[in-house]
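Since every read-out is calculated from the coordinates, none of them should be taken as a lab result. Bear in mind the structure is a predicted one, so any value in this text is a computation, not a measurement. Cβ atoms come from the backbone with ideal geometry, glycine included; neighbour counts cover every protein chain shown.
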Amino acid sequence: MAHKSFRYKAKTTWTSERLGVLAGMGKPSIIVGSPPEFKGKPDNWAPEELLIGSVNTCILLTFLTLAQGRGLIPAAYDSEADGLLENVDGKYLITEVTVRPRITVKGQADVEPIREAIEGAESRCFMSNSVKAKVTVIPDVVVQGGAVASK
């Protein structure tokens, strides 16, 4: 099977101090800049957060692709992700990203197939595969209405 290649573009423009604007063709622009730890402001998106957000979003979209391919649609999905920025050999880098999705399913029969789909998303997410950081997904699958999902 032949695989296609794709190219994506983004533009950043410096505005003042340690701030800029990130833009893409036909998309809303966002204010970006250094995080407070690096003399920035807390109310803008920092590259560190954008990287963590990209991994988190990619896990979601890869999971949905795998789940929908099996005819499964979750009742709900939300996830939090965090990343560790460390100085390694004199260079700062994100060394680990942890994604914690909470997936609600409609019934007990969906628990295992949904769990398999989210576990598959970890290895198939192209963002996870593109970064040096160790990416770990720790899913919590629950049944709608409060029933306990089997592990």
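Select from THR95, SER128, LEU64 the residue farthest towards the positive end of the dipole of the range 53-151; place +1 on Cβ of Lys and Arg, -1 on Cβ of Asp and Glu, and compute about the Cα centre.
Of the options given, the answer is LEU64.
Assuming a viscosity of 1.306 mPa s and a temperature of 10 °C, what translational diffusion coefficient in µm² per second does Stokes-Einstein assign to the chain, Rh being the Kirkwood radius over Cα pairs?
For these conditions, the coefficient is 91 µm²/s.
Pop out the ³J(HN,Hα) list for the range 112-118 in order, Karplus 6.51 cos²θ - 1.76 cosθ + 1.60 with θ = phi - 60°, rounded to Hz; leave Gly and Pro as x.
Ordered by residue, 3J(HN,Hα) equals 5, x, 5, 4, 5, 5, 5 Hz.
Okay, helix-only estimate at 222 nm for the chain: each DSSP H run of n ≥ 4 adds -39500 (n - 2.57), divide by all residues, round to 500 deg cm²/dmol; what do you get?
Mean residue ellipticity, 222 nm, calculated: -9000 deg cm²/dmol.
Per 0.36 nm of contour for each residue apart, how much would the distance between ALA10 and LYS41 grow if the chain were fully extended, relative to their Cα-Cα spacing?
9.0 nm
Return the loop-located GluC sites (Glu not before Pro) in the range 73-102 (DSSP other than H, G, I, E, B) with at most 12 other Cβ atoms within 10 Å of their own Cβ; answer none if there are none.
In loop regions of the range 73-102 (DSSP not H, G, I, E or B), there are no sparsely surrounded GluC sites (Glu not before Pro).
Pairs of lysines 8 or more apart, or on different chains, with alpha carbons under 20 Å: count those in the chain, would you?
6
Where does each of 30-36, 101-107, 10-16, 70-76 land if you order them by average Cβ count within 10 Å, highest first?
Ranked from most to least packed, the peptides come out as 101-107, 30-36, 70-76, 10-16.
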